[in-house]
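Shown next, in structure tokens, is the structure this report addresses.
The values are calculated or read from the model by the stated rules, or taken from the named source; none is laboratory data. Here the structure is a predicted model, which means the values were calculated and not measured. Note: ideal-geometry Cβ built from the backbone for every residue, glycine included; neighbour counts use all protein chains shown.
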Amino acid sequence: MLGTESRNLHLAGRRSGRPGRRGRDWLTAIAVVAALALAHPAEAKYASFVMDADSGRVIHEINADTRNYPASLTKMMTLYLVFEALQTELWKMDTRLRISARAAQQPSSRLGLNRGDRIQVKDAILALVTKSANDVATVVAENMSGSEAAFALKMTARARELGMSQTTFRNASGLPHRAQMSTARDMGLLARALIRDFPKYYRFFSTTEFRYEGVTYANHNKLLNTYDGVDGIKTGYINASGFNLVASAHRDGHRVIAVIFGGNSPNSRNALMARLLNLGFKAIDNGPVMASAAAAANPEPATRADAAPPPAPPHAIAGREDAEAAALPKNLRWGVQVGVYSRHAQALDAARQAIEVAPEQLSLGALKVAPLKKRNGKVLHHARIEGLTKKQAYAACKSLKRRKMGCLEMKLPDGYRVAANDG
């Protein structure tokens, strides 16, 4: 729908037979915006990643190297550089950071700082961890590097040093910028670096609330209160990213880091994160093999009252064709078929796309391309996600069909074995 000024320009162009200069400028602007929208769709792509923080072993991954908008996960790197400044004594906890007009004008989420005031480093850390304050992120950037652009260059350089090869930063907050991109794997690496390099300061990520100038701010990471062992680390959301989360949990001497990009809502993202953390601890309990996503026998989130997850049956190593296949538990003997294709690559892409569209139901399933040779010698490739509950299979097909995508629920035979994810 056109606004009043835009509508007048449009009508003026029609009356004259061609748009005037202002009208042409407006039409050009619309064309540019439309092109950018097509080049950078607002719909986020789902990605997930789980690792053993102690060994660095990857336990689970889906689209882990797909570049997405990190949103406020960006503040993890901002805090990495703050902790570095404290460790090198460039700053102290009581160092007072000056607030510029630009910082004070940053959009929500914000602390509501005023131009010319100052905020102590400790308060800045807590505001970033709990409130995810964008104005505070800009304050940190400007006081450390003179400008947010210069600070972003420093962020990207440090990312490269940490092995985050697919990450580029353009601001300190995670506010929308089409060139600010990262991956689930890179954010997992950053979380591990924060825990490893700054054990003294990592504890700030477990802060459940922060009080500043008479106002109490709760931490956006609700898993701190609902999942046994979670002690960090950061949530993130913009329209273009969906609901992101990096979480770390420590149990019985082991630590798991998990990452989600593109969640549909805070609650569904948190429930899925709990399942991924469960998967991680079960994989560690079962020794040196990597857990197949399909073999998460207990998909329900753990809570503070829960005991440690029971040992699971042997699992296969995701992505390895030579891995020993594991029989699916009785409650996971369902799957969905999302298409039949002439080429393996087409079937693989279709299965991956289905997981992106219905991550809540499919992200812990095992992606499989099943070849079927016809009488004429032609091979057709069936795109499937297996190792689901009946409820997950039917809910997934409902979501996919709503998006005009093909889907067929499948009951897998008793004793059916799945080795690994193809993708």
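For the reader, a short list of remarks on this structure follows.
- Residue 173 being out of contact with any Lys or Arg (no Cβ under 6 Å at 6 or more places or on another chain), outside any helix (DSSP H, G or I), closer than 23 Å to residue 68 by Cβ and free of Cβ contacts under 8 Å to residues at least 60 places away in the same chain: no
- Test: residue in region 245-252 that is assigned by TED's automatic domain parsing to the domain that holds residue 78, surrounded by fewer than 21 Cβ atoms within 10 Å (Cβ to Cβ), more than 20 Å from residue 175 (Cβ to Cβ) and polar (S, T, N, Q): no
- Exactly one residue among 361, 346 is surrounded by 18 or more Cβ atoms within 10 Å (Cβ to Cβ), within 25 Å of residue 65 (Cα to Cα) and among the polar types (S, T, N, Q), and that residue is 361.
- Any hit, region 386-400, residues being under 18 Å from residue 63 (Cα atoms), modelled with pLDDT of 85 or more and not assigned by TED's automatic domain parsing to the domain that holds residue 68: yes
Okay, residues lined up against (1) closer than 17 Å to residue 203 by Cβ; (2) out of contact with any helix residue (DSSP H, G or I) (no Cβ under 7 Å at 6 or more places or on another chain):
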site: 67; (1), (2): no, yes
site: 73; (1), (2): no, no
site: 76; (1), (2): yes, no
site: 89; (1), (2): no, yes
site: 107; (1), (2): no, no
site: 112; (1), (2): no, yes
site: 115; (1), (2): no, no
site: 129; (1), (2): yes, no
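- Condition check for residue 147: farther than 26 Å from residue 92 by Cα and out of contact with any strand residue (DSSP E or B) (no Cβ under 8 Å at 6 or more places or on another chain): no
- Any chance residue 163 is in contact with a helix residue (DSSP H, G or I) (Cβ under 6 Å, 6 or more places away or on another chain), at positive phi and surrounded by fewer than 17 Cβ atoms within 10 Å (Cβ to Cβ): yes
- In region 145-160, residue farthest from residue 98 (Cα to Cα) [restricted to those that are surrounded by fewer than 20 Cβ atoms within 10 Å (Cβ to Cβ) and among the hydrophobic types (A, V, I, L, M, F, W, C)]: 157
- Strands (runs of 3 or more DSSP E) fully within region 216-292 that include at least 2 residues being at pLDDT 95 or above, closer than 17 Å to residue 60 by Cβ and not hydrophobic (A, V, I, L, M, F, W, C): 242-251, 254-263.
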